[in-house]
Amino acid sequence: MKTIILAISFLVIGNPAVEAQAPYYQGKTITFITGSPAGDLFDLYVRTVGQFLVKHIPGNPDVIVQNMPGAGHIIAANYVYNIAKPDGLTLAGTLATLYIDQLTGRPEVKYDWAKFTWIGNAGKAPMMLYMRADSPYKTIEDVRNAKEPPKCGSTGISNSAYVVPKLLEETTGAKFDVVLGYQGGGAIDLAVERGEVVCRAFSTEAYFSREPFHTWRKKGFVRVLVQGGKTRDERLPDVPTIHEVMDKYNTPESGRRFVTTMLASAEFFRPHYGPPGMRPEHVKILREAYTKTMQDPVFLAEAKKRRLEINPTGGEELEALVKDLMAQPPAVIERMKKLLEK
């Protein structure tokens, strides 16, 4: 009897066919790359999503986050596209606006935005622009009439912090002086507190989710001049949308369509993706795990606790959206280049 038991044990334990049935991700580690410094909102989204994503992947892999800030998240995107292996073990969470860098032909771009493997998107967020309340710029009209344009901070030219002021310039005639090179949103906010710059454009989601903005709102330190959605956010009932501003200044239809293209990232503001060429079975596992994560009540409770707004998009829908966005006609691309040229 003992001999029979040993024989059966050998067949089960030593049989390669049985061993091959172990989940692919078992004993492995997924690395999440983010283009933000530790503690920034993009970093918090990546860490929170990653923490729960692995719980829904068969084999329960470990997860680590690697911060790779610089060049407005381009360094991180270049790394994932060109260096990371397409083995399903490297994912990224970067700015959604990186499509603008590619379409406008920035030489630093070494990726094809449409060819990344799109896993899912955690949030949608219209843009807004805040201004220090003690500055002389109380409205967009004040900016239009100012002898000296207000200084806004940005990480790079594809960032909403650069794009929104430039769109306002084109559609309203207002002028802004955008200072580039900040490592992240937190650095810009510190610059605003120090008085180096007086304004920043970013998402309404970030503005209502974390410090220093809770304190700023209580103290009246800043005011919001314009918001990017087609309708007013209920939390900003007295702030005009960019579409209302365009109505006021009779922006032509071509300009309105252009604004829609430039602000399209609001529909997939927290994207997560992998390198191109990933195996279909790995993509399927990750997309299914992502969908389950976005529906996980424990994850949603944790996101709420961390003040992270969750408004997800599935991987297939996200992939289609990105490919459509990248198929811009030459006339639009030329206009984008003109808007963003320095």
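Of the residues that make up the range 180-191, is at least one closer than 24 Å to Thr261 by Cα and at pLDDT 95 or above? No, that holds for no residue. Quick check on my filter: what residues within the range 41-65 are open to solvent by 20 Å² or more (accessible area, probe 1.4 Å), over 16 Å from the mean Cα position of the chain (by Cα) and not β-branched (Val, Ile, Thr)? Within the range 41-65, Gln51, Lys55, His56, Pro58, Gly59, Asn60, Asp62 meet the criteria. Looking across Gly277, Gly255, one residue alone is small (Gly, Ala, Ser), at positive phi and touching a residue at least 40 places away in the same chain (Cβ under 8 Å). It is Gly277. Restricted to the range 185-282, the set of strands (runs of 3 or more DSSP E) holding at least 1 residues that are open to solvent by 10 Å² or more (accessible area, probe 1.4 Å) comprises 199-203, 222-227. Sub-8 Å Cβ pairs linking a first residue in the range 294-320 that is more than 22 Å from Gly39 (Cα to Cα) and part of a helix (DSSP H, G or I) to a second residue that is basic (Lys, Arg) and open to solvent by less than 70 Å² (accessible area, probe 1.4 Å), at least 6 apart or interchain, are Gly315/Arg287; Glu316/Arg287, ordered by first then second residue.
A Cβ distance below 9 Å, combined with a sequence gap of six or more or placement on separate chains, defines the contacts here; from the range 326-342, residues that are modelled with pLDDT of 90 or more and small (Gly, Ala, Ser) reach residues that are assigned to a helix (DSSP H, G or I) and open to solvent by less than 40 Å² (accessible area, probe 1.4 Å) in the pairs Ala327/Ala114. For the range 132-174, filtered to residues that are more than 15 Å from Val192 (Cα to Cα) and of a type in the set (Lys, Arg), the residue that is surrounded by the most Cβ atoms within 10 Å (Cβ to Cβ) is Lys166.
Here is a yes/no grid of residues against (1) under 27 Å from Thr231 (Cβ atoms); (2) of a type in the set (Asp, Glu):
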residue: Val245; (1), (2): yes, no
residue: Asn250; (1), (2): yes, no
residue: Thr261; (1), (2): yes, no
residue: Gly277; (1), (2): no, no
residue: Val283; (1), (2): no, no
residue: Arg287; (1), (2): no, no
residue: Phe299; (1), (2): no, no
residue: Glu316; (1), (2): no, yes
residue: Lys337; (1), (2): no, no
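When residues in the range 77-98 are screened for being more than 24 Å from Ser203 (Cβ to Cβ) and open to solvent by less than 50 Å² (accessible area, probe 1.4 Å), 5 of them pass. I'd like to verify a number: residues in the range 58-114 that are part of a loop (DSSP other than H, G, I, E, B) and on the phi > 0 side of the Ramachandran plot, how many? Total satisfying the criteria: 5. Here Phe52 fulfils each of the conditions (1) in contact with an Asp or Glu (Cβ under 9 Å, 6 or more places away or on another chain); (2) touching a residue at least 40 places away in the same chain (Cβ under 8 Å); (3) not in a helix (DSSP H, G or I) apart from (3). Only a single item in (1) open to solvent by less than 40 Å² (accessible area, probe 1.4 Å); (2) closer than 19 Å to Ala320 by Cβ is not met by Thr104, and it is number (2). Regarding the range 20-40, can at least one residue be identified that is open to solvent by 60 Å² or more (accessible area, probe 1.4 Å), under 29 Å from the mean Cα position of the chain (by Cα), at pLDDT below 95 and farther than 24 Å from Met278 by Cα? Yes, that holds for at least one residue. Being in contact (Cβ under 8 Å) with a residue 60 or more places away in the chain, surrounded by fewer than 24 Cβ atoms within 10 Å (Cβ to Cβ) and over 20 Å from Glu319 (Cβ atoms) is the filter here; which residues of the range 107-130 pass it? Pro126 - this is the single residue of the range 107-130 that is in contact (Cβ under 8 Å) with a residue 60 or more places away in the chain, surrounded by fewer than 24 Cβ atoms within 10 Å (Cβ to Cβ) and over 20 Å from Glu319 (Cβ atoms).
Looking across the range 321-342, the residues that are open to solvent by 60 Å² or more (accessible area, probe 1.4 Å) and in a loop (DSSP other than H, G, I, E, B) come down to Ala327, Pro329, Glu341, Lys342. Among the candidates Gly220, Gly255, Gly195, Gly229, the residue that is modelled with pLDDT under 90 and under 21 Å from Met131 (Cα atoms) is uniquely Gly229. Count of the range 294-320 residues, restricted to those that are at pLDDT below 95 and touching a Ser or Thr at 6+ places or on another chain (Cβ under 9 Å), is 4.
The values are calculated or read from the model by the stated rules, or taken from the named source; none is laboratory data. Keep in mind that what you see is a predicted model, and the values were worked out from it rather than measured. Quick reminder, even Gly has a Cβ in these numbers, built from the backbone with ideal geometry, and neighbours come from all protein chains shown. Heads up: the accessible areas ignore ligands, DNA and RNA and are worked out on the full protein's heavy atoms, side chains in. Shrake-Rupley method; radii C 1.70, N 1.55, O 1.52, S 1.80 Å.
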